[in-house]
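The values are calculated or read from the model by the stated rules, or taken from the named source; none is laboratory data. What you see is a predicted model, and the numbers here were worked out from it, not measured in a lab. Here the Cβ positions follow ideal geometry from the backbone for every residue, glycine too, while neighbour counts run over all protein chains shown. Surface areas here come from the heavy atoms of the whole protein model, side chains and all, with no ligands, DNA or RNA. Shrake-Rupley method; radii C 1.70, N 1.55, O 1.52, S 1.80 Å.
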There are 2 protein chains.
Amino acid sequence: MSFDDKMRDAVQAYFDLFNAGQGAAIAALFADDAQVIDPVGTAPKSGKAEILAFYEMATGSRTTLEKTGPTRIVDHSAAFAFKAHIPGISADDKAVDVDLPSGSMVIDIIDVFDFNEDGKIKQMRAYWGPSNISQ
Amino acid sequence: MSFDDKMRDAVQAYFDLFNAGQGAAIAALFADDAQVIDPVGTAPKSGKAEILAFYEMATGSRTTLEKTGPTRIVDHSAAFAFKAHIPGISADDKAVDVDLPSGSMVIDIIDVFDFNEDGKIKQMRAYWGPSNISQ
């Protein structure tokens with residue numbers, strides 16, 4: 001399998017596992033020393049334990065991800081656009097360090113994954129802000 | 001005008017100016033020490049002169065850009081998905097340092113712009129590879 005195909009499969013697995021609520025399996029897509037920056041501008045979640053906690057909380061909210069358009073694949077990176085459908089979350093359950101409205105919402109997001117030589121995600125950056133939230 | 005609005009307007013101007021073939025006006029959206037990395041993994045175009053040459057060549061090919069989905073705006077960054085409609089280019093006219101097929105094509109791209117405090121683009125990264133080209 002080409003490295004491009006490996007990256008594309010990892011992105012597809014990310015969506016499938018997220019929508020199946022499999023936080024631990026998502027965390028296994030990441031390198032041991034990986035960083036998750038979601039959204040860009042907030043403090044990174046660093047390393048397996050923090051990344052696992054993040055995805056367990058994110059998938060625990062029954063959020064689903066809807067891909068919009070093809071995965072862009074180049075060099076050691078993948079970029080893709082999607083909508084996060086969030087059914088409503090409590091302040092305690094919130095995985096991200098930004099203010100969110102209460103009630104259900106849809107957030108338009110673009111993620112960029114940078115991969116290491118082993119095909120594991122070494123950094124994830126999520127681009128979305130207040131103007132990308134619809135209710 | 002908020003900084004978010006300034007970034008969103010810059011992205012809209014980028015599309016409008018590109019589709020009007022205004023290479024010099026596009027270059028004016030960038031900081032003096034800016035970098036353009038298109039696609040990611042190739043050598044950056046650095047500084048006003050190289051960026052101007054890049055956009056004069058890119059717009060000279062009569063390529064048009066079609067935005068697909070909202071601009072994601074956060075912190076000092078904007079990310080957005082689009083299609084580049086390329087009517088066919090000669091080897092001499094090519095703005096990017098990768099092999100492209102001959103004839104007309106459509107490329108699915110995601111760009112990320114990082115802005116400086118003055119609202120000028122300081123780095124542009126374009127995510128697209130061979131698998132994102134359709135003919």
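Data overview
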| read-out | value |
| --- | --- |
| Mean residue ellipticity (222 nm) of chain B, computed from DSSP H runs ≥ 4 via -39,500 (n - 2.57), nearest 500 | -8500 deg cm²/dmol |
| Percent carbon-and-sulfur accessible area, the protein assembly as shown, ignoring ligands, DNA and RNA, probe 1.4 Å | 50 |
| Shortest-first nm distances, A:VAL98 label point to equivalent points in other copies (7 Å, Cα→Cβ) | 2.7 |
| Pairwise label distance in nanometres, B:ASP4 with B:ALA53, each label 7 Å out on the Cα-Cβ vector | 4.0 |
| Chain B, rotation onto A, residue closest to that axis via Cβ, with its distance in Å | B:ALA81, 2 |
| Across the identical copies, how the A:ALA25 labels are spaced - nm, sorted shortest first, 7 Å along Cα→Cβ | 5.1 |
| Gaussian network model of chain A, springs between alpha carbon atoms under 10 Å - residue of A:SER102, A:SER46, A:SER61 with greatest fluctuation | A:SER102 |
| Between the stretch A:96-125 and the stretch B:58-76, the alpha-carbon center distance in angstrom | 21 |
| Accessible area of A:LYS83 in the full protein assembly, 1.4 Å probe (Å², nearest 10) | 60 |
| Accessible solvent surface per residue of the protein assembly as shown, calculated while the other protein chains remain in place, 1.4 angstrom probe, Å² | 44 |
| Members of the stretch B:23-67 that become less accessible by 20 Å² or more once partner protein chains are added (1.4 angstrom probe, chain alone as reference) | B:VAL40, B:GLY41 |
| Shielding by other protein chains, B:109-115, mean Cβ within 10 Å | 4 |
| B:ARG8, A:ARG125, reordered so the largest accessible area comes first (probe 1.4 Å) | B:ARG8, A:ARG125 |
| Area accessible to solvent at A:ASP108, 1.4 Å probe radius, in Å² | 20 |
| Interface B:A - total buried accessible surface [probe 1.4 Å, Å², rounded to 100] | 1900 |
